[in-house]
Structures are given as structure tokens and as C-alpha cells.
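Inspection log for the structure reproduced underneath, given as C-alpha cells.
The values are calculated or read from the model by the stated rules, or taken from the named source; none is laboratory data. What you see is a predicted model, and the numbers here were worked out from it, not measured in a lab. Please note: Cβ atoms are built from the backbone with ideal geometry, for glycine as well, and neighbour counts cover all protein chains shown. Note: areas computed on protein heavy atoms with side chains; ligands, DNA, RNA excluded. Shrake-Rupley method; radii C 1.70, N 1.55, O 1.52, S 1.80 Å.
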Amino acid sequence: MDAELRFHIEAYADDLTRAGIPREEAHRRARLQFSGIEKKKEECRDARGVNFVESLIQDLRYGLRTVRRSPGFTAVATLTLALGIGATTSMFSVVKAVVLSPLPFWQPQNLVHVWEGERGEHYHRGDEAYLSSVRPGSFYDWRTQSQSFVSISSYRSRSMLLTDAKQAELVLEHDVADQFFETLGTPAQLGRTLIMGDYAPSAARVVVISNRVWAEHFAKDPGIIGRRISLDRQSYEIVGMMRPGFYPTARDYPDLWTAHWANQGEKDDRLSWGLTTVARLKPGVTWEEAQTELDVVSARMAKDHPNNEEVYAVVVPIDSQLIGSSWKLLLLLSGGVALLLLIACTNVANLLMARAVDREKEFAIRTALGAGRARLVLQLFTESVALAVAAGTVGVLLASAGTRGLLALLPKSALPRLDSIKVDLAVLGFVSGITLLASLLFGLIPILRASRSVPYDALKLEGRGFSAGRNKRRLGQIFVLSEFLFSLVLLILGALLVESFVKLQCVDPGFNASSLLTFRIAVPEVNYGKFAYGEKNTPREKLYEHLEEVLSAVPGVETVALTARMPLRQEFNPSGVRIEGREPPPTRRAGDGSSEPGSLGSTGTEIVNPQFFRTLRLRLVNGRFLEERDNADAPMAAVINETFARTFFPNEDPVGKRVTVWFATTTVVGVVGDFKLNSLDRKPFPEIFWSLRQTQWANVWVMARTKSDPFQLSASVRQSIQNFDSDLPVLDMQTMTQVVADSLWLKRISAVLIGVVAVLALVLAGTGIYSVMSYSVSQRTREVGIRVALGANRRDVLGLVIGETCRLALLGSALGCAAAYIVGRLATSQVYLAPAVASSQIQTDSLSPAAFVLSSLFLFGVAVCASYAPARRALRVDPMVALRHE
């Protein structure tokens, strides 16, 4: 290249010489024409792209040196961005795994659940409602009469005793109807799923196992297909193994799937609940259209079976059923971390803007010396990339720690698919890309400003004024306002949720929760017979009586309560109420809790042993509690709560009245004081209590009142049950105080996580406001010096700086409170789960004015403190030094 350029210079000089110009003058003109060999070499290399890699390396080195010269800026910017990246990535990884990831089925958007409900009761996406399981008669009528589905199947959950070389274990099994796996469209990982031949009445017993059973019981043996296992002491052949995470349910994953053949008697059964129905929509058919068709089918079924309870179908998309209302919690937390990311980006933008303004003279000098805009953009790009890479590296570590922390806080029984949560690389890349874009956007501002002015103006700018320009200050003020707005929303929201959580902790549940050890007993059908609603089951009756005796004999146990459903771990299960001698209303509203003909309203049904009331130390209002004399040979007795009495017997004594609920007619023998059965934030529902001596249940919860710390007796209780029957598993053992605490998991997690995010936002906002005001004061150093030199006192100067912050804080408080009011109304609203629950049943949270006032004052104080330090630093500068600052 050097030889070629010299050849062109000599050739041009020769042309000039031939034109009559002296040789020396010709060489001079030729060199002026080419503007120097070295410069032309650079231009040629740039045109060919030879210098790009070398320039990139040079810019990277220069950027690293610039970052190293500003360790404070680098540390603050990196940690701020990393915090935003880590928090946002961990939260959105949970949202993606729980809400956004598709279910492990073929075309899951076409899958629906069909439940039983009341006339006119329809599902609305985003809601969560209590919906009854399905009776076999209803399921088979829907299957034969509906045209909206490709296929409809069902399953019934039950516990089975799995016996292997280790020990017996009670596992969750789904007894599935034909077309179950075809409806879901998910093949087996090993072997096959159930086929039509497996559903014949004389077919051999076969089972499909889950990935968990394959891993834990068979050590992931690839030759598992064809082996036999013992379920309920009967031999089953393993024909398939499903993929991990197949068929997630609201609380757990099933372990086994077996084929269920139904005879004609079962197909006509319209009394026994328990089926879960899953269906696949035909192509082009929406779930709303299927609901409309099933409304017609249900009305026809009601006419065909007038003596039975009316049955109406409720169609629910399977993904919505699985997620339930948990999306509202996740949406709230996602919004919180998104605001935190905005605050982090605003902080970094402020830092970059401050540094960029200080570098305007540098870029003006470089431009004057011939640097092109593309060259400067490349340099700033490499600096921003270096900063983003550093922040992303630290953000990955924070995201990993944050994800583990979220998994430790979120209850597995409340949210599905938590086992699939991990740091999502796509989310991490997206969030990192946003931060890189923000860094580039604000890092390139000096180039954009330089393009609107000539280098000469930029070079002489600093001598033309005594303070920072109005445009520069206005941009800083916008940053302060935005940080104040975002932080105040999070701070007020955190205060509201913490206040709501504290209030609920102070709510009296209506029973004595101290010194109570609770656990669940799952009864194997193989040992104690199959359970059926309303039918006598002598083995179970004797089992529960013996359990009371065994547990009462444990040293340190005072009384033992048995109940079908644990307080604060159940939903309102409405059943129709009919009262002897009272005419039903002529019409019945949809949503009154019962579709039974002649019902006066709805009530919850609780089946308990006689010691239940004394163990929980409930208050007797009228009559008596259930007693041992209320056994299978005595007339059926019931105890009601005060809400039941006020609802159905407002002006009369209910004791001695005969009421019919569900399948039983009972005599009221007592009234018990209201207590919290469903939730601490709901008003009591009508409840009726039957004796476990007269009505059996499949499994029971046990509550043992102890004389000392309940956990000290947990080992003795387990051992006594194992000595009594080694096949009885003791599940979910914890104290009643833990049960009460767990019932507040939604409020607790919301308060804790939003509180943590609010604290982080407060720290970021404080540092951001400090950096803005510190930079603003540094730009006004000469102005401060002149004011002091002309006689301004310290109070005037402090008022000048802090007054600006106070004005911004007042405006930010007004905007933040308005935004927090809107967000708070949405975040603190409660969603009831049962269709029979009127809005008046919910104890709604009011937005406390104290939370708004105290949060605003607190953040106002943080802003004043953040601006006070730079103001004091400016006052310590000698006026003469300040005047010579530039």
C-alpha cells in the first residue's frame, strides 16, 4: 500500500512537472493533494474493513481503562443492573414455568375439564371457583349426548398400597376410564399407555407408572416393562412409564394409572361423586361453545331424571384450572420486580447521563481531531457491552440465588409445576438485552448532542455560564420523579400487604390452636374396604375408634379429634338444606349453593368424632355436643354452628329440629360457636356437624391435644400408629399453629416478597436521588461560590439545593400515591373460591391512609437526606476555589 500510494504521488508530480511546474513545487502540491501517506493508508484500511477488529480491541481496552479509572461508578452501575437482572429473571422464570409454559399434552389449548355445577353457573377465565366432582351417570350422559368433543374421559383418585422389596408405601393412583391417554395425546416414555383391550372386564391387570416411581422404586431400570408389582396385594404388570411432569394436578403428580371398567349399574349411578372429567374439543370448537351445548344437554338430563338432583355442566380450560388464581400472585410479584428493573435502569441511565455530559468536551476534542461519529459510537458500544456483561455475570448468580429463595418460600401445595422451575436462559437473555439497550441508549446521548453542535461551541461551552444548563437539570429532575414514583408505589404496596398480613395474624380463629398436633391418615382400601358416600363401612368405623384409643393411650396426649376435613385446609363444600315442615321457595337463584329440589339454601358438611369439639375447645351455645351415644344404633344427630342457626332458624330454637342435608336426615342436638373453618379472612359459613360414629369417611385428619410441645410427641405418635397397623401412613404431620400460619401463605408471601422488593427499590431510589443531586450540585459549584461570595448564608444555599428536592418529592408523592391507590385496590382484593360465597362473605381489606402517608413521608425523608449530603459538601468549598473551578 505504501509503494502504491508513493507511485500515485510521483505520477501526479510528474504530470505537474510536464505542465511546467518546478519539480520541488510539484512534489509539494502532490503531497498536499493526497493529505499525507499515513492518513490515506488509514482511510484505505477503513474502507476495506481491515481496521475494524483492531479498532474494536482498542476501544475495548480504552473502555476497560475508563471503567477502571471510575471504580465507584463501575461498582454501583454493575450491582444496580445485576440486582435488576437477577430479581426480574428469577421472578419471571417462575411465571414462565407455572403460567406460560405449555402443559405436557398434545395441543393443550383444546383440553378442558367438565365439572358439575348449578344452573347458570359458568366459568370466566381468570376466576377460581369451587366446582363439584362428577357422578358417573352425568359423565356417561355427557359422553353420549355431546357433539363438541373429540373424546371425553375421566379418572378417580385413590390411594393404593405399593409393596416392593423395601417396604409398603401408599401411592396416589388414578383409576382412568377408556380414552384417557388418547384424550391427552401424550405417549409413554417407555412401553405403552393403556389401550382398549385393557378395559375389558376379563382383561389382565396392567399399570402405567410415573417417572418418580420408576426412579425411586426401580432405579431407572430401562428393562422395567413387563415386570410385575404388587398393588393392594394384587399383581399388576407394568406396561408403560410416563415422562417426568406428566399430568400435573393442583397439589401433586399421580404415581400410577390403572384401567377402570364400568358396568351398567355404575353408568347409571347418579349419587356417588368423585370423578374428574377431561375432554378434548373438536377442531374449531371453543370451550364457550361447548358450554352452550352442555347447557342444553344438562337441561335434557334434568327432564329425563326428575327425581334426581339437577346436574349442570361447567366447562373449564384445563390450563386455567391448573393455574387457578395463583396467576394473580405471580402477576403482582412480576409487576413489583418489573418496577424494580425500571428503577435500576433509571439509576444506571442517570449515572451514564452524568458521565456522558462530563465527557462532552472529550468527544468534542476527538471530533475536532478528525474522529468520525461511527468511531465514537463503536467506542461507547464496547463500553456499554463491557458494563452489561459484568452486570449479567453477577445477575446470573443473583438470579440463581433468587430462584432458590422463591422455591423455598412458595408452597408446593398451592402452585403447580414448581419442580420444573429453573433459571430460564431465554428470560435472562431478554432482561439482559433490555439493560444493554438502556445502557446503549443513554450512553450514546453525548454523540447525539455532539451531532447537533460544532466542536468549537462544545469546547467553549464551559466558559459561558456559571451553572448547569436547564436541559441537563430537567433530565435529572425527570429521573428523580420517576424513581420517586416507582419506589413509592412499591413501598405503599408493601406497607398495605404487610398491614393486611399482620391483621390476619391477629384474627381469632375461634378455636384454641396451641398444643395441637395434626396429621392425616390415608386408609388403604385393600385393608378396610372400598368407601362409598352414605354407606355403612364397619371396618372403617372400628378403625377410627381404635385409632382414638391408641392415640389417647400415648403419654402426654389429652384428647384426640378426628375429622374428615382439617380446619383452614379446606374449601366450602355446599350442600342443599331442607327443613322438615317448611316449604321451599318457589324459585331459587343461581349461586345459592344448591341445585337440589326443595332446598332452602346451602351449608357445609363436617364429619367429626365426639371429641372434636372438646379438643378444639369450642364454645357451646345451645343444647349439647355430639356424644358417644350418637352411634350407629341411635337416630342420626347433628350439631350446627351459629351462622347456620341465624340463617335457617332466625327467630326460633333450632335444637330438636329435623333437617335434611345431602343424603341424611338428622336432628339438631346443639349449636356451637362460629369458628374459622375455611379461611381467616372470610366470615363463617353455615356448617352442620355429623358424628363419625354414624357416617363414615374415606380418610381422616387427626388433631391430638398434648400437655406439652406437640412436636416432642410426634415420634411417639408415629410409632404407636405403626405398632397398631404398619400399613397406615402418617402424612402431613405438623402443629395446628403451623396449619394456621400455612393458611396465610398467600398474604405472607405477598407481604414478604413485595416487602423485599420495596426495600431494594428504596435503596436504589436513595442512591439514585443522591447521585442525581450530587451531580447537580457539582455542576452548580461556581454558582454556589458566587452566591456565598455575594453574602448568601448556609441556610440559603441549603434551601436552594434541598428546596429543589422537596418540590420534586412533593410532585412524586402525589403521582406515586395516585398510582399506588390503583395498584393497591387490585392487589389487596380477595377472590373467593366457592360459588355459593356472596361478596358479603369476604372480609375485604381497606386501603389504610396511614400506609400512604407514612410511606410518602419516609421516602420524602430519604430524598432530603440524599440531597443534604451533596449540599453540605458544596458548602465546604472555598468561594475562591469554586470561582476558579473550571
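Table: residues versus (1) at pLDDT 75 or above; (2) within 21 Å of the chain's Cα centre (by Cα); (3) among the basic types (Lys, Arg).
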site	(1), (2), (3)
Gly324	no, yes, no
Ser334	yes, yes, no
Ala344	yes, no, no
Ala356	no, no, no
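Find the residue count for the range 684-701, including only residues that are over 31 Å from the mean Cα position of the chain (by Cα), among the aliphatic types (A, V, I, L, M) and surrounded by 21 or more Cβ atoms within 10 Å (Cβ to Cβ). Total satisfying the criteria: 2. Residue count for the range 77-125 satisfying the condition of being in a helix (DSSP H, G or I) and without any contact (Cβ under 8 Å) to a residue 24 or more places away in the chain: 1. Regarding the range 741-762, can at least one residue be identified that is of a type outside the set (Val, Ile, Thr), without any contact (Cβ under 8 Å) to a residue 40 or more places away in the chain and within 25 Å of Glu606 (Cα to Cα)? Within the range 741-762, one or more residues are of a type outside the set (Val, Ile, Thr), without any contact (Cβ under 8 Å) to a residue 40 or more places away in the chain and within 25 Å of Glu606 (Cα to Cα).
In the range 216-233, the qualifying residues are those that are modelled with pLDDT of 90 or more and either under 30 Å from Gln264 (Cβ atoms) or more than 40 Å from the chain's Cα centre (by Cα) (or both), and the one that is least open to solvent (accessible area, probe 1.4 Å) is Leu231.
Condition first: outside any helix (DSSP H, G or I), open to solvent by 20 Å² or more (accessible area, probe 1.4 Å) and among the charged types (D, E, K, R). Now tell me which residues in the range 702-720 satisfy that. Lys707, Asp709 - these are the residues of the range 702-720 that are outside any helix (DSSP H, G or I), open to solvent by 20 Å² or more (accessible area, probe 1.4 Å) and among the charged types (D, E, K, R). Taken as a whole, the condition of being charged (D, E, K, R) and either under 20 Å from Glu545 (Cα atoms) or without any contact (Cβ under 8 Å) to a residue 24 or more places away in the chain (or both) does not apply to Glu642.
Within the option set Asp653, Asp674, Asp681, being open to solvent by 10 Å² or more (accessible area, probe 1.4 Å) and more than 39 Å from the chain's Cα centre (by Cα) holds for one residue only, Asp653. Filtering Ala834, Ala809, Ala874 for residues that are open to solvent by less than 30 Å² (accessible area, probe 1.4 Å), at pLDDT below 75 and touching a helix residue (DSSP H, G or I) at 6+ places or on another chain (Cβ under 6 Å) leaves a single hit, Ala874. Scoring Gln145 on the criteria (1) within 29 Å of the chain's Cα centre (by Cα); (2) modelled with pLDDT of 80 or more; (3) open to solvent by 40 Å² or more (accessible area, probe 1.4 Å) leaves a single failure, condition (1).
Looking across the range 727-742, the residues that are at pLDDT below 85 and part of a loop (DSSP other than H, G, I, E, B) come down to Asp727, Pro729. Looking only at the range 201-215, decide whether some residue is more than 37 Å from the chain's Cα centre (by Cα), under 30 Å from His305 (Cα atoms) and surrounded by fewer than 18 Cβ atoms within 10 Å (Cβ to Cβ). Yes, the range 201-215 has at least one match.
The residue of the range 311-322 that is nearest to Thr183 (Cα to Cα), among those that are modelled with pLDDT of 80 or more and of a type in the set (Val, Ile, Thr), is Ile318. Every condition in (1) closer than 26 Å to Val423 by Cβ; (2) within 25 Å of the chain's Cα centre (by Cα); (3) open to solvent by 30 Å² or more (accessible area, probe 1.4 Å) is met by Leu79 except one, and the failing one is (2). Only residues that are outside any loop (DSSP other than H, G, I, E, B) and either of a type in the set (S, T, N, Q) or open to solvent by 50 Å² or more (accessible area, probe 1.4 Å) (or both) were counted across the range 546-558, and they come to 4.
Evaluation of Glu169 against the conditions (1) crowded, with 18+ Cβ neighbours inside 10 Å; (2) touching a residue at least 40 places away in the same chain (Cβ under 8 Å); (3) farther than 23 Å from Val278 by Cβ; (4) within 33 Å of the chain's Cα centre (by Cα) shows that the sole unmet condition is (1). Consider the range 172-190 and keep the residues that are in contact (Cβ under 8 Å) with a residue 40 or more places away in the chain and surrounded by fewer than 17 Cβ atoms within 10 Å (Cβ to Cβ). The one that is nearest to Leu275 (Cα to Cα) is Gly185. I'm trying to understand the selection: among the residues of the range 2-11, which are open to solvent by less than 80 Å² (accessible area, probe 1.4 Å) and not acidic (Asp, Glu)? Listed by number, the residues that qualify are Ala3, Leu5, His8, Ile9, Ala11. In the range 515-533, of all residues being aromatic (Phe, Trp, Tyr) and over 35 Å from the mean Cα position of the chain (by Cα), the one that is farthest from His546 (Cα to Cα) corresponds to Tyr533. For the range 488-538, the candidate set comprises residues that are open to solvent by 50 Å² or more (accessible area, probe 1.4 Å) and of a type in the set (Val, Ile, Thr); within that set, the residue that is nearest to Asp674 (Cα to Cα) is Val502.
Just to be sure I understand, how many residues within the range 169-209 are farther than 27 Å from Pro524 by Cβ, of a type in the set (Ser, Thr, Tyr) and not in a helix (DSSP H, G or I)? Number satisfying all stated conditions: 1.
Picking from residues in the range 118-142 that are modelled with pLDDT of 85 or more and over 12 Å from Leu275 (Cα atoms), the one that is least open to solvent (accessible area, probe 1.4 Å) is Trp142.
Restricting attention to the range 408-428, the residues that are open to solvent by 30 Å² or more (accessible area, probe 1.4 Å) and modelled with pLDDT of 80 or more total 5. Looking across the range 708-739, just one residue is touching a Lys or Arg at 6+ places or on another chain (Cβ under 9 Å) and of a type in the set (D, E, K, R), and that is Asp732.
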